[in-house]
Amino acid sequence: MCLIVCFGVGWLWCVKLFQGVVDEARTAGKKIKGQKKGSILFAHGVCHDAWCWHNYLEYFSALGYDCYALSLRGHGQSEGREHLDQWGLSDYTTDVVEVIKSIGEKPLVVGHSMGGAITQKLIGEHESIIRAAVLLAPAVKDGLNLAWKFKRFKGSVWKALQFLRMLHHSGVDEKTLKNSLFLNNRLSSAEVMKLKPHIQVESRRAANDLSAPYTPNYGRANIPVMVIGSADDLLFPTEDLLKTATAYQIKPVILTGMCHDMMIDPDWKRGAVRIESFLGKSA
């Protein structure tokens, strides 16, 4: 069902179909010296697929982590595109849980945007199977409700229409993507064109699920949790980061100048370094 992109501590970058079928394998990068530090699983957000994590996969695998990034069902090369609108957050969470089981150890989970909502569900409902969690520019706690939509889109019908177009209409052009709420004109045209094949419509059911609280179980977690984002994120800026972090009784890490897609922002390494520090303390 799900496509998994893996960067190992050794030589191998392999792409595997969910039920153990190896689809592609090739060498990538240099052999890592020293002991493996553990596993990291990356979960993408709306309209994206596993490709968006390419910077983080290389960065953290070079540090000694086994790194996995899945394309949720109906995304990227995973199965289920023809039934995309049937899939909700619970289905996506099931995908992540199944991948965790296949890894064979408790991973550190990094969830971006909608992937952050999925990770909040994991913390609330499957905490025992993960080692730590990073909520990267996460969908705000309590959901993208009417109050959130009013704050984000008041005075700008264009921004609201653009957001809906990104979610539900295929074939977004380069200019629209470059100036989107995901990128905020932070990427070069060349980088936008690399990303463009990996942007797609999102499940209507999943989009609706994002409008409500993701889990009833908040409060101080029994595992380390990090909330990190950008004050200049057009979707989940400082106010939302504080709200989500407060739900876990922690302080967020708030960077500046970066777009919502922090992992492909030109300054992506700034976020990666802060996450690296958190993971080191969570070992």
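The values are calculated or read from the model by the stated rules, or taken from the named source; none is laboratory data. Fair warning: this is a prediction, and the values are worked out from it, not measured in the lab. Here Cβ is always computed from backbone atoms with ideal geometry, including for glycine, and neighbour counts include all displayed protein chains.
Does Ala245 qualify as being in contact with a Lys or Arg (Cβ under 7 Å, 6 or more places away or on another chain) and of a type in the set (A, V, I, L, M, F, W, C)? Spelling it out, Ala245 is indeed in contact with a Lys or Arg (Cβ under 7 Å, 6 or more places away or on another chain) and of a type in the set (A, V, I, L, M, F, W, C). Total residues in segment 222-239 satisfying the condition of being closer than 28 Å to Lys194 by Cβ, out of contact with any Cys (no Cβ under 8 Å at 6 or more places or on another chain) and not in a strand (DSSP E or B): the figure is 4.
Out of the residues in segment 246-283 that are aliphatic (A, V, I, L, M) and free of Cβ contacts under 8 Å to residues at least 60 places away in the same chain, state the one that is farthest from Gly143 (Cα to Cα). Walk me through how you get there before you give the answer.
Step one: filter segment 246-283 for residues aliphatic (A, V, I, L, M), giving 247, 250, 253-255, 258, 262-264, 272-273, 275, 279, 283.
Pick out the ones that are also free of Cβ contacts under 8 Å to residues at least 60 places away in the same chain and you get 250, 253-255, 273.
Numbers: Ile250: 19, Val253: 20, Ile254: 20, Leu255: 22, Val273: 28 Å.
Once the filter is applied, the top-ranked residue is Val273.
Within segment 224-240, being in contact (Cβ under 8 Å) with a residue 60 or more places away in the chain and touching a strand residue (DSSP E or B) at 6+ places or on another chain (Cβ under 9 Å) holds for Pro224, Val225, Met226, Val227, Ile228, Gly229, Ser230, Phe236, Asp240. Could you look through segment 56-80, keep only residues that are out of contact with any Asp or Glu (no Cβ under 9 Å at 6 or more places or on another chain), touching a residue at least 40 places away in the same chain (Cβ under 8 Å) and assigned to a helix (DSSP H, G or I), and pick out the one that is farthest from Leu41 (Cα to Cα)? Among them, the one singled out is Glu58. Residues in segment 221-246 that are surrounded by fewer than 19 Cβ atoms within 10 Å (Cβ to Cβ) and at pLDDT 95 or above: Ile223, Pro224, Ala231, Asp232, Thr238, Glu239, Leu242, Lys243, Thr246.
Taking the conditions exactly as written (buried (at least 22 other Cβ atoms within 10 Å of the Cβ) and at pLDDT below 95), does Cys52 satisfy them or not? Before the answer, list the steps.
On the way: buried (at least 22 other Cβ atoms within 10 Å of the Cβ): yes; at pLDDT below 95: no.
Taking the combined requirement at face value, the residue does not satisfy it.
Among the residues here, Asp95 does not qualify as closer than 19 Å to Gly38 by Cβ, within 18 Å of the chain's Cα centre (by Cα), buried (at least 17 other Cβ atoms within 10 Å of the Cβ) and touching a residue at least 60 places away in the same chain (Cβ under 8 Å). When Val192 is tested against (1) out of contact with any Leu (no Cβ under 7 Å at 6 or more places or on another chain); (2) in a helix (DSSP H, G or I), only condition (1) is not met.
Taking only segment 247-283 into account, find how many residues are assigned to a loop (DSSP other than H, G, I, E, B) and either buried (at least 22 other Cβ atoms within 10 Å of the Cβ) or in contact with a Gly (Cβ under 8 Å, 6 or more places away or on another chain) (or both). Lay out the reasoning, then the answer.
Going residue by residue through segment 247-283, those that are assigned to a loop (DSSP other than H, G, I, E, B) are 248-252, 256-267, 283.
After this cut, where a residue has to be either buried (at least 22 other Cβ atoms within 10 Å of the Cβ) or in contact with a Gly (Cβ under 8 Å, 6 or more places away or on another chain) (or both) as well, the list is 248-249, 252, 258-265, 267, 283.
Residues that pass the stated criteria total 13.
Looking across segment 118-156, the residues that are over 17 Å from the mean Cα position of the chain (by Cα) and of a type outside the set (D, E, K, R) come down to Gly124, His126, Ser128, Ile129, Asn145, Leu146, Ala147, Trp148, Phe150, Phe153, Gly155, Ser156.
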